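Peer 1: I'd like to ask you about the structure that follows.
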Amino acid sequence: MHILEVLKNRATAFGGSIVLPESGDPRTLAAAASLACQKIAKVILLGAPAEILKNAASLGADISLCEIIDPQSSSLLPEFADTFYERRKEKGLSPEGALEAMQNPLYFGAMLVKKGIASGMVAGAANTTADVLRAALQVVGVMPGLKTVSSTFIMVSPRVDDPTYLFADCAVVPNPTAEQLADIASSTAQTRRSILSDEPFVALLSFSTKGSAEHELVEKVQTAKSILDSRQVDFAYDGELQLDAAIVEKVAKSKAPGSKVAGHANTLVFPDLQAGNIGYKLVQRLGGYEAIGPIIQGLAAPICDLSRGCSTEDIVNTAILVLLMSQK
């Protein structure tokens, strides 16, 4: 059984709810119909009901099981605006500005998640990543104990017996500091537990293994490891490690003897966005791995971004991941 089928079954058993704020996009309506009809999740669509129903009918999308909320006329609007104002008034937001913001489906949807009315939100088919993340950060904020929002990809091998890896960060933070690398490691470990339900073995990657090279880039990774030490995190990690020392047991025995992670790392934290982005695409294009993501992580509640070139299937799959991330 493909990993996505396994994850879908787990998400369905969870029985959560997903907000899809981009109801004007045909792919979103088709995804809403698929999620609802398969009983994967309760679906909340945002927008004018008459327009949504008309567009769904023209597509042949059965959204009869979906809930439709119009942010501009919802009874929740005053409460949501008050909450947003209290959260952002020190940033200069006025009550009028809060009310206007909450009529935006991205902000209203994020508030549904913050209030626990929905398990998570998926957007980005019709909005930029910047717009989606701005709404998420301003409404739900960053996970307690962290300061960094990042991303990860699930990398699935075409060979059944190979491990499934998580690669981070490949899409959000261009040049992370040591503290941000530590945050990315913590977020990715949590993402792995939430989605794949196994234990993370996190490798902080570098071009050096355990001091084999001296450079400020190596020192950054070493400092990230020290920060994780000081935080006393509850997952296995090590660094700095070269890629081969991280995943090849024979190499690990000679380069990093005694490491609890080297040789069998399943969660790879790259030192910067260039390395991460190039790395996942090399593995995808030359190694034949399937790249599932990017999955946005580090937020206080699960909200995921989509590529604007996404398919209906991408929206459904991302919703499944968000449902699993919402489980405590």
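Computed from the coordinates by the stated procedures, all read-outs in this text should not be read as laboratory data. The structure presented is a predicted model; accordingly, all values stated were derived computationally and were not measured. With ideal geometry, Cβ positions are generated from the backbone for all residues, glycine too; neighbour counts draw on all protein chains shown.
Peer 1: Which percent, to the nearest 5, of DSSP beta bridges fully inside the range 150-292 are antiparallel?
Peer 2: Antiparallel bridges make up about 40 percent of those DSSP assigns within the range 150-292.
Peer 1: Suppose we keep just the alpha-carbon trace of the chain; what are its Rg and Dmax in angstrom?
Peer 2: When restricted to the Cα atoms of the chain, Rg and Dmax are 20.8, 66 Å.
Peer 1: Next up: What FRET efficiency comes out for E79 versus L137 if R0 is 30 angstrom and r is the Cβ-Cβ distance? Round to the nearest 0.05.
Peer 2: Rounded to the nearest 0.05, the efficiency is 0.90.
Peer 1: Determine the relative contact order of the chain: mean sequence separation of Cα pairs under 8 Å and six or more apart, normalised by residue count, in whole percent.
Peer 2: 23
Peer 1: What's the magnitude of the charge dipole for the range 150-292 around its Cα centre, counting Lys and Arg as +1 and Asp and Glu as -1 at the beta-carbon? Answer in Debye, nearest 20.
Peer 2: Rounded to the nearest 20 debye, it is 260 debye.
Peer 1: Past the 32 Å Cα-Cα mark, which pairs from K250/K281; K42/K281; K114/K220; K54/K281; K39/K147?
Peer 2: The pairs that break the limit, which is 32 Å between Cα atoms, are K42/K281; K114/K220; K54/K281; K39/K147.
Peer 1: Let me ask you something else. List the chymotrypsin sites (Phe, Trp or Tyr not before Pro) in the range 114-213 that DSSP assigns to loop (not H, G, I, E or B) and whose Cβ has at most 15 other Cβ atoms within 10 Å. Which are they?
Peer 2: Those that pass, being in a loop and sparsely packed, are F207.
Peer 1: Please work out the Kirkwood hydrodynamic radius for the range 150-292, using every pair of different C-alpha atoms, and report it in angstroms with one decimal place.
Peer 2: After inverting the mean inverse Cα-Cα distance, the result is 14.8 Å.
Peer 1: Also: With a Förster radius of 22 Å, plug the Cβ-Cβ distance of I3 and H264 into 1/(1 + (r/R0)^6) and report the FRET value to the nearest 0.05.
Peer 2: 0.70
Peer 1: Right, another one. Relative contact order for the range 108-262 using alpha-carbon pairs under 8 Å, separation at least 6, rounded to a whole percent?
Peer 2: Once divided by the residue count of the range 108-262, the mean separation gives 16 percent.
Peer 1: Considering only DSSP states other than H, G, I, E and B, which trypsin sites (Lys or Arg not before Pro) in the range 206-295 qualify as loop sites with at most 14 other Cβ atoms within 10 Å?
Peer 2: K260
Peer 1: Let me ask something else about it. What is the spin-label model distance, in nm, from R10 to D162 if the labels are put 7 Å beyond Cα along the C-beta direction?
Peer 2: Label at R10, label at D162, 2.0 nm between them.
Peer 1: Would you kindly state how much longer the chain becomes between S307 and Q284 on full extension, computed as 0.36 nm times their sequence separation minus their alpha carbon distance, in nm to one decimal?
Peer 2: 6.6 nm
Peer 1: Which of these, P163, P200, P176, has the largest mean-square fluctuation under a Gaussian network model of the chain (Cα springs below 10 Å)?
Peer 2: Looking only at P163, P200, P176, the biggest GNM fluctuation is shown by P163.
Peer 1: Using a Cα-Cα cut-off of under 19 Å, which aspartates and glutamates could be cross-linked to K225, ignoring same-chain neighbours fewer than 8 residues away?
Peer 2: Qualifying aspartates and glutamates at Cα under 19 Å: D169, E179, D183, E199, E214, E216, D234, D238, E240, D244, D272.
Peer 1: So if I place +1 on the C-beta of Lys and Arg and -1 on the C-beta of Asp and Glu, and nothing else carries charge, what would the dipole magnitude of the chain be about its Cα centre? I want it in debye, nearest 20.
Peer 2: With Lys and Arg at +1 and Asp and Glu at -1, about 400 debye.
Peer 1: Would you mind checking the range 132-167 for residues with the amide N under 14 Å from a putative spin-label position 7 Å along Cα→C-beta of K91?
Peer 2: Answer for the range 132-167: 132-143, 149.
Peer 1: Turning to a different aspect of this structure: Can you list the GluC sites (Glu not before Pro) in the range 164-260 that are in a DSSP coil and have 12 or fewer other beta carbons within 10 angstrom?
Peer 2: E214
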